[in-house]
Amino acid sequence: MEQQGRYDSELGLRDLLSGIAAGKLEAALTALLGQPLRLVTTQGEPVLGAAAAFAAGASRVAVSHDLEIIAFLETPAEDAVRLDAAVSLLELFLQAGARYYMAARMHVEVVHADFEALQHKHALLQESEARYKLLAAHLEERVQEQVKTIDAAQRQLYQAEKMASVGQLAAGVAHEINNPIGFIRSNLGTAQSYVQKLGKMAGMIKSQTPAQLESAWQDADLDFILEDFAALLEESVAGADRVTRIVADLKGFSNVDQAEEKVVNLNDNIRSVCNVAATQLQDRAELLLELGELPLLRCMSGQLNQVFLNLLLNAAQAMTTPGQIHIQTALANAQIRICIADTGKGIPAAILSRIFDPFYTTHDVGQGTGLGLTVSRDVVVAHGGRIEVESRVGVGTTFTIYLPVNPTA
Amino acid sequence: MAEFDETNRKITIKLVYYGPAMSGKTTNLMRLHDILAPDLKGEIMTLETQNDRTLFFDLLPLGFHTPSGWLVKLKLYTVPGQVVHDATRKAVLSRADGVVFVADSQHSQGINNSEAFQNLEENAGRVGLDFDTLPLVVQFNKRDLPNILTEDEIRERWSAAPWPLVFASALVGEGVKESFVKLLEAVYPVLDKYCALGVTHGMDMPAFVNAVVGD
């Protein structure tokens, strides 16, 4: 840039005349003056015309450019008018030359500046491209990390929901057990007083007369006591049986997380689940069981219990008015088929395809995580089976589970 | 900074007319060419124009000799005002010794004025000029038109600015010389410090101004 000169730096005589054919200019000026001529710099260096100086007495006229004398025109010609015309002509050429030089150099400067700006932008772009390449390289890794995080969060949520439903179950079970325990306790209290009365009677038998005994028997109302004692014991035994059964059902449930496979008859599982859920169903739905003959199945029994309970509770929640839940089991084509049909409000077609999606829920916030059906499907698929759903709004919904009898998976 | 050529006993000063497109920078130069009468006055060189719009720059050379026998040359440039010619504007502004900012007084030009002024400040920084010490005069041109801001409005808006404010109508020649003189007065102290104009060359400020304007 510097050696080429800036647009506003001073220009020399040779620069200014460089674009002009020297021979033609000299010929034109010679014709104008009628005499030979030479143009010399202020230092006396010849630039145009004769190399040697003219004899003494020749004319020497200053040629100006940019407010300064830049050259001298030397010629034997003496005509002042012609000399003026020649100088004017030369000055116009110099001005035109300067104009071209300045424009050209300005153009170069501007192009150079634009190019530098472009290169700077290019460098910035390359930098950002490199950043994006790096980002892309790590993207896969980061996505996997995110998936892991989401997975963990999903599990935690489901665990939390399960804890909540276990809590609900526990409340139901406590209520269920409380009732028989209550009357068993009360019966035992009554039995104690009966035993006291019988003890008194035993003392009398040893010392009193038959008449006195008869009267005491009547006073103590021992006929009733004998009758009631038997009934009371019978009732208590039934109550204790009920508690035993509930506890047995709960036990079936308590091993949900045991990853051990068991050989079970799924009909037993379904009965047990129905018992566990009974309290939550009693006001909403009537349970109709139609359990066909099923072969034994090696499976994660606890997990399947969870699936049945999920579907059963969903069915109960779908009831806007008390209705029916119909559970059917059957064996067909080496597959166990379990149908759980309700007469609830049904699922609109628009959302039917989404109900198995994780976190999709129609319940209010806090009422469900939207994971129940997702996990149910995962469990069924893990057993090599599949789950299907059919629903009509206002009529009801049917979930059908197919489980292969000899899962290959 | 002014070029100080000891060998040829010459000082070259570069002054730039800056401002938004169509504010009257070239007109200022043309009027100065008519009005001023220094020892030496060149023709206006107009470089590359298209539909009366400056593409590169205009140039008016002025000059005089000091009592000490030195030649002082002043080169007055205009920049192209259109936004797209920023690289050219930057090249013209480089090495400037002083600037006249020509603003357009019309109501509609407020945004253009402020954008151009901001551009001046930015470009001054880019070409290595210290904007805080750069001699600068602000001229509000086109006072002859209707729909212009009043002088009071302009004074109020620029009240916090340290630069001389001149109202002009370059088309009829008003305020053009005043703006230029104000710039010479702002440039003189810097030149005097740098080239010892007063002590060495016998030019005090009034003498310097008179020599340039030719009064």
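Things worth noting here:
- All Cα pairs of region B:12-51, percent lying beyond 10 Å: 79 percent
- In chain A, the longest principal axis of the Cα atoms and the axis of helix A:80-207 are about 10 degrees apart.
- Here the calculated FRET efficiency for B:Phe4 and B:Val83, from their Cβ-Cβ distance with R0 = 45 Å, stands at 0.80, rounded to the nearest 0.05.
- The orientation-averaged shadow of the Cα convex hull for region A:30-107, equal to a quarter of the hull surface, comes to 5.6 nm².
- Helix A:372-382 axis, angle to chain A major axis (alpha carbon atoms, nearest 10°): 90 degrees
- Taking 25 Å as the limit for the C-alpha separation, the pairs A:Lys24/B:Lys10; A:Lys133/B:Lys90; A:Lys121/B:Lys90; A:Lys262/A:Lys345; B:Lys25/B:Lys90 exceed it in the case of A:Lys24/B:Lys10; A:Lys133/B:Lys90; A:Lys262/A:Lys345.
- Accessible area, probe 1.4 Å, largest first, for residues B:Arg143, A:Arg337, A:Arg271: A:Arg271, A:Arg337, B:Arg143
- Buried accessible area, chains B and A (both chains, 1.4 Å probe, Å² to nearest 100): 1900 Å²
- Positive dipole terminus of the protein assembly as shown, leading residue within A:Gln324, B:Leu15, A:Leu48 (C-beta point charges): A:Gln324
- Equivalent ellipsoid semi-axes - Cα gyration tensor, chain A, angstrom: 121, 24, 18
- When only Cα pairs below 8 angstrom with a gap of at least 6 residues are kept, chain A shows a relative contact order of 10 percent.
- In region B:69-215, the alpha-carbon atoms span a convex hull of 125 Å³ per residue.
- When its C-alpha radius of gyration is set against 2.2 N^0.38 Å (N residues), region A:1-60 gives a value of 1.37.
- Candidates A:Ala27, B:Leu149, A:Ser353 compared by Cα position along the dipole of the protein assembly as shown: farthest toward the positive end lies A:Ser353, with charges placed on Cβ.
- Subtracting the Cα-Cα distance of A:Ala104 and A:Arg131 from their residue separation scaled by 0.36 nm leaves 5.7 nm.
- Between A:Ala117 and A:Gln212, the distance separating the two model label sites (each 7 Å from Cα on the Cα→Cβ line) works out to 13.2 nm.
- As a fraction of the 1.4 Å probe accessible area of the protein assembly as shown, surface on carbon and sulfur atoms comes out at 54 percent.
- If the convex hull is drawn through the Cα atoms of region B:86-145, its volume per residue in Å³: 85 Å³
- Region B:99-135: chymotrypsin sites (Phe, Trp or Tyr not before Pro) in DSSP loop, at most 16 other beta carbons within 10 Å: B:Phe131
- Over the C-alpha atoms of region B:1-150, the Rg to Rh ratio, Rh being the Kirkwood estimate, stands at 0.99.
- Given chain A, longest segment not containing exposed loop GluC sites (Glu not before Pro) (DSSP; at most 16 other Cβ within 10 Å): A:79-259
- Helical content of chain B, expressed as a calculated mean residue ellipticity at 222 nm, amounts to -11000 deg cm²/dmol (DSSP H runs of 4 or more residues, -39,500 (n - 2.57) each, divided by residue number, nearest 500).
- Set of lysines with alpha-carbon distance to A:Lys206 below 25 Å, sequence-local pairs under 8 removed: A:Lys197
- Partner lysines for A:Lys148 [C-alpha distance under 23 Å; skip if fewer than 8 residues away on the same chain]: A:Lys162
- Chain A - mean residue ellipticity at 222 nm from DSSP helices (-39,500 (n - 2.57) per run, n ≥ 4, rounded to 500): -20500 deg cm²/dmol
- Of the trypsin sites (Lys or Arg not before Pro) found in region A:1-108, those in coil by DSSP whose Cβ has at most 16 other Cβ atoms within 10 Å are A:Arg6.
- Candidates A:Asp151, A:Asp223, A:Asp15, ranked by Gaussian network fluctuation over chain A, Cα under 10 Å, top entry: A:Asp15
- Nearest-10 value in Å² for the accessible area of A:Ser272, using the 1.4 Å probe: 20 Å²
- Angle in degrees between helix A:266-281 and the longest Cα principal axis of chain A, rounded to the nearest 10: 90 degrees
- The candidates A:Thr400, A:Thr42, arranged from most to least accessible area with a 1.4 Å probe in the full protein assembly, appear as A:Thr42, A:Thr400.
The values are calculated or read from the model by the stated rules, or taken from the named source; none is laboratory data. Quantities reported herein were computed from a predicted structural model and do not represent experimental measurements. Because the Cβ atoms are built from the backbone with ideal geometry, glycine has one as well, and the counts that use them run over all protein chains shown. To get the accessible areas, we keep the full protein, side chains included, count just its heavy atoms, and leave off ligands, DNA and RNA. Shrake-Rupley method; radii C 1.70, N 1.55, O 1.52, S 1.80 Å.
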